Amino acid sequence: AAPVRLADYSPWPFALPAIHLAVDIRPGDVLVTSRLDLEPRGGAEALQLRGVDLEICSIKLNGDDVAGDDYSYRDQLLTIHSPPSKPFVLETCCRIDPYNNSSLEGLYVSGGLLSTQCEAEGFRRITFHPDRPDVLSRWTVRIEASRASCPVLLSNGNAISEEELTDGRHAVTWKDPFPKPSYLFALVAGELREIRDLYTTASGRAVTLRLHVEEGDEPYSTHAMESLKRSMAWDEQVYQLEYDLDEYNIVAVRHFNMGAMENKSLNIFNSKLVLADAETATDAELERIESVIAHEYFHNWSGNRITCRDWFQLSLKEGLTVFRDQSFTADLHSAAVKRIEDVAMLRNTQFREDAGPTAHPVKPAEYQAIDNFYTTTIYEKGAELIRMLHTLLGQERFMRGMATYVSRFDGTAATTEDFVQSIVDGAAQDGQPLGFDSERFKRWYHQAGTPELTVQRQWDAVKGELTLELRQSTPPTPGQTEKQPLVLPIAVALVGEKGRIGEEQLLVMDGDQASLTLQGDPGSAAPALSLLRRFSAPVNVQLEQSLQESLQLLAHDDDPFSRWDAGQRLARQVLLARASGEPDATVEAALIQALRQRLNAFDGGGGQDLAVLLALPGTAELEALQNPVDPPALYAARREWIAELGRQLADPLNQLLDVCRGEWPQAWPAGQGGRSLTGLAWSWLAAAGDAEARNQALEAVSGPSMTLARAALRALQPMEVDERDLALDRFYQRWQDKPVILDAWFALEASAPRTDGLQRVQALLEHPRFDPLAPNSLRAVLGGFTANVPVFHAIDGSGYRFMADQIAAVDRRNPITASRMAKVFSRWSSYGVDRQSAMRQAIDQLAAGELSSNTAEVVAMLRT
Ligand code: DPP
Ligand code: ZN
């Protein structure tokens with residue numbers, strides 16, 4: 001199929017102010033009658049509507065049947081050849097089969113529950129519609145079903161009527177007063193338990209909050225409900241944005257392709273992102289749930305009230321909403337820890353994407369399947385662009401920009417240019433110069449790849465001046481060889497032996513080169529350079545830094561990110577040296593000494609900061625620095641280094657365990673630092689052969705904290721010890737009836753590095769508790785398998801072949817999930833020759849079979 005191109009955008013030649021849907025749910029199928037009020041806007045000869053797998057029962061125009069010659073339905077397109085030139089009503093009736101829909105797009109069944117997923121292009125599987133985000137309508141939806149099987153019938157907006165019908169059937173009609181595109185439509189029908197709460201908005205409007213879960217899951221809903229209320233309050237306080245309807249519904253669904261979906265007033269969530277308490281979810285999961293609840297809630301303004309003109313603008317809503325949810329988490333918890341976690345994630349996922357065959361701009365120029373572009377580039381890099389605007393403008397000016405954006409575009413479908421322009425126009429209302437070139441800034445949206453910032457410096461001891469020479473360049477990415485300079489906000493400061501010297505400066509670089517002089521202390525030794533503080537721009541830095549300088553930053557920098565980054569740099573050095581077979585004893589000794597000081601200084605409280613400081617760099621980050629990449633060598637280096645840390649730091653780690661124990665029972669968010677550090681100490685000590693640590697960990701698996709139980713499993717899982725198998729077995733026995741929790745067990749089993757790893761993964765796929773239709777379970781087992789470095793990367797290619805077979809099998813049921821999994825092969829050209837050719841063969845093997853268009857697009861990208 002021909003790709004869709006941004007350059008080809010043109011508005012739809014009709015307006016569609018109102019839609020009436022009637023959805024008749026029957027035991028074997030569903031009848032969908034749709035009435036579209038259409039208004040030609042001139043220029044259209046034919047009316048074209050999208051439709052996938054729809055069986056037409058009737059088509060009527062202004063009440064009369066449309067004759068067979070007057071329309072056609074082929075290639076997923078319904079064409080009415082000569083529609084009237086005046087406003088008219090098109091009524092279609094179609095039969096669909098949600099009971100055999102394993103794609104989890106459109107209307108489908110999950111565990112007896114009927115629910116929908118329409119973003120991006122699922123609505124065309126429900127009825128005929130233009131199914132593009134710039135067509136906004138007011139919707140009325142009547143749902144009819146048997147009361148016995150579907151007592152709960154939900155859609156967007158407010159319930160305006162309920163009907164009791166004959167034969168045990170009933171109907172509910174919903175009306176959404178806000179115009180919305182089809183991707184925000186939602187419908188849920190089934191048997192659900194409701195948890196109800198109330199929120200009063202800043203202006204005094206009462207909003208009924210309802211969470212809908214399966215029977216038995218009611219006790220696990222409190223965290224999600226509280227998170228929702230915190231999100232509503234935060235958006236009022238920080239963005240002055242209030243909720244706009246009388247009800248807000250969240251439904252938990254077990255089979256779901258994404259994390260959650262922001263349908264207007266009827267969010268649908270992957271159940272793992274709703275159901276949680278301290279006994280069933282880890283601290284990290286609780287925070288993630290809180291942030292996803294917030295994310296979907298924040299979409300009500302950044303996505304729903306102002307939506308995207310077309311799917312090339314996806315980051316308009318996603319980048320902005322990620323930025324908003326990041327700020328929310330930073331405000332509620334530790335801003336420093338949140339920033340560090342977000343940067344670690346960006347470097348390990350988005351930078352990796354930028355460096356591979358699926359690299360694409362935040363605003364792609366073309367696509368085959370938009371589902372393949374729900375990526376870390378659109379989301380997390382998109383959020384970094386907003387963050388840079390915020391850094392460049394400051395809070396007050398940025399917020400004025402946001403207010404301008406909302407007032408200009410509320411109720412419409414906008415573009416990323418509209419957004420940037422609103423931000424700068426709003427900011428400039430104070431009459432001050434902007435401080436950067438906004439046209440140049442917009443390049444960030446179109447240019448793929450991670451810029452490289454190369455920094456050289458000269459220290460003038462007499463004057464006490466450090467002069468920096470900076471250069472930027474962006475490596476070529478597929479289809480984009482020429483790159484332009486970007487606007488980079490670069491926060492810098494000098495750090496001496498007693499901390500920061502002078503003020504932080506913000507250099508705004510927008511050409512290939514720039515220079516900057518920083519004032520230090522005359523007559524002293526060169527101070528350490530604290531560069532890219534808070535990670536003020538998403539770039540890779542090339543700067544030679546001595547061990548001494550990194551240690552100084554690690555000890556004295558007042559920017560927590562920069563401190564952390566200095567420690568990470570040393571850890572990367574240690575791990576890469578070990579992976580190459582030549583450990584660097586000097587750096588190792590210095591790093592261990594620095595960590596020992598940190599551990600000794602810890603006396604409880606703020607443990608989360610220490611935990612992130614101690615965490616080792618991610619695999620993807622290390623791989624980016626290795627050529628050729630040797631994953632098993634990196635894996636072994638990491639395991640050996642952890643064991644070394646456990647041996648060398650045994651005393652302070654044992655003291656740490658004593659200090660932290662008091663925090664174990666504290667309710668999240670309290671106590672999370674102590675629990676994180678406990679897990680880290682278990683992992684390091686166990687790797688060093690400490691039987692007492694293994695024992696403590698084993699006990700925690702049966703204890704009251706899921707955070708500690710999972711930390712214990714992570715500590716034991718990489719080792720060939722009895723406690724590992726005991727721990728995994730106890731966890732299984734305890735949670736076998738809770739699929740959401742059991743997925744964690746599947747992931748741990750699949751990633752356990754055993755000699756018979758491949759056979760074990762095969763057995764997991766046939767395990768009676770494994771649900772091949774649940775993307776969570778597939779990701780647990782197959783994602784766990786690809787994290788099983790020695791087994792997945794076996795030099796004979798057996799792991800790669802196995803994975804290719806599995807992706808092909810998943811693709812037949814669920815193309816969206818399969819095409820995401822196929823990206824696991826994206827680094828093939830970076831490995832040594834043997835792995836390279838084995839992985840390439842696996843990709844070719846995949847390409848040779850019959851693939852969905854989603855997966856075919858990804859595989860084609862991998863092969864170019
Ligand atoms: N539901 C997904 C998200 O919120 C896609 N919109 O990011
Ligand atoms: Zn989103």
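For the chain, just give the cysteines left without a disulfide-compatible partner, judged by no other Cys Cβ under 4.7 Å.
So, Cys94, Cys118, Cys150, Cys308, Cys660.
Given q = 0.10, 0.19, 0.20 Å⁻¹, what are the Debye log10 I(q)/I(0) values for segment 680-824, with equal point scatterers placed on the Cα positions and solvent ignored?
Cα-only, vacuum Debye calculation for segment 680-824: -0.35, -1.11, -1.18.
Once you treat every alpha carbon in the chain as an equal point and sum by Debye, what is log10 I(q)/I(0) at q = 0.05, 0.09 Å⁻¹?
The computed values of log10 I(q)/I(0) come out as -0.29, -0.97.
Give the residue from Val109, Leu6, Asn156 lying farthest towards the positive end of the charge dipole for segment 4-191; charges sit on Cβ (+1 for Lys and Arg, -1 for Asp and Glu) and the dipole is referred to the Cα centre.
Highest projection toward the positive end goes to Leu6.
Against the globular-protein guess of 2.2 N^0.38 Å, express the Cα radius of gyration of segment 163-214 as a ratio, rounded to two decimals.
Numbers: Rg = 15.0 Å, N = 52, 2.2 N^0.38 = 9.9 Å.
Working it through for segment 163-214, the quotient is 1.52.
Where the centre of each part is set by its Cα atoms, how far does segment 363-394 sit from segment 274-303, in angstrom?
21
If eta is 0.890 mPa s and T is 25 °C, what Stokes-Einstein diffusion coefficient results for segment 177-283, Kirkwood Rh from Cα pairs, in µm²/s? The partial results should precede the final answer.
On the way: Rh = 14.7 Å.
Reported coefficient: 167 µm²/s.
If you take the charge dipole of the chain about its Cα centre, with +1 on Lys and Arg Cβ and -1 on Asp and Glu Cβ, which of Thr33, Met388, Leu531 is farthest toward its positive end?
Sorting the options by dipole projection puts first Leu531.
How large are Rg and Dmax for segment 516-559 when only the alpha carbon atoms are used, in Å?
Expressed in Å, the Cα Rg and Dmax of segment 516-559 come to 11.6, 35.
Considering just Cα atoms, how many Å³ per residue does the convex hull of segment 221-276 enclose?
84
When only alpha-carbon atoms are used, what values of Rg and Dmax, in angstrom, describe segment 106-209?
Computed over the Cα atoms of segment 106-209, radius of gyration and Dmax are 15.1, 45 Å.
Would you list which lysines come within 19 Å of Lys86, measuring only between C-alpha atoms, while excluding same-chain residues fewer than 8 positions from it?
Answer for Lys86, where 19 Å is the Cα cut-off: Lys60, listed by chain and number.
Can you tell me which lysines have their Cα less than 25 Å from the Cα of Lys463? Leave out same-chain residues fewer than eight positions away.
Lys498
Between segment 610-631 and segment 395-453, what's the alpha-carbon centroid distance in Å?
Result: 34 Å between the Cα centres.
Once the dipole of segment 280-379 is set up with Lys and Arg at +1 and Asp and Glu at -1 on Cβ about the Cα centre, which of Gly319, Ala335, Ala294 lies farthest towards its positive end?
Gly319
I need the fraction of alpha carbon pairs in segment 545-711 separated by more than 29 Å, rounded to a whole percent.
On the way: 2670 of 13861 pairs.
Beyond 29 Å sits 19 percent of the P(r) for segment 545-711.
Extent of segment 4-191 along each principal axis, from alpha carbon coordinates, in Å, largest to smallest?
The Cα atoms of segment 4-191 stretch 49, 35, 32 Å along their principal axes.
Over the alpha carbons of segment 453-537, what is the largest minus smallest coordinate on each principal axis, giving the biggest first in Å?
The Cα atoms of segment 453-537 stretch 51, 23, 16 Å along the principal axes, largest first.
Please give every one of the lysines within straight-line cross-link reach of Lys363, meaning a C-alpha to C-alpha distance under 22 Å, and leave out same-chain neighbours fewer than 8 residues apart.
List returned: Lys317, Lys381, Lys442, Lys483, Lys823.
Before anything else, pin down the relative contact order of segment 819-864: Cα pairs under 8 Å, at least 6 apart, normalised by residue count, whole percent.
Value for segment 819-864: 50 percent.
For q values of 0.14 Å⁻¹, compute log₁₀ I(q)/I(0) with the Debye formula on a Cα-only model of segment 275-429, without solvent.
Taken in order of the listed q values, log10 I(q)/I(0) reads -0.74.
We did not get these values from a lab; they are worked out from the coordinates using the rules stated. In this text the structure is predicted, and so the values were computed from the model without any measurement. So basically every Cβ, Gly included, is an ideal-geometry build from the backbone, and we count neighbours across all protein chains shown.
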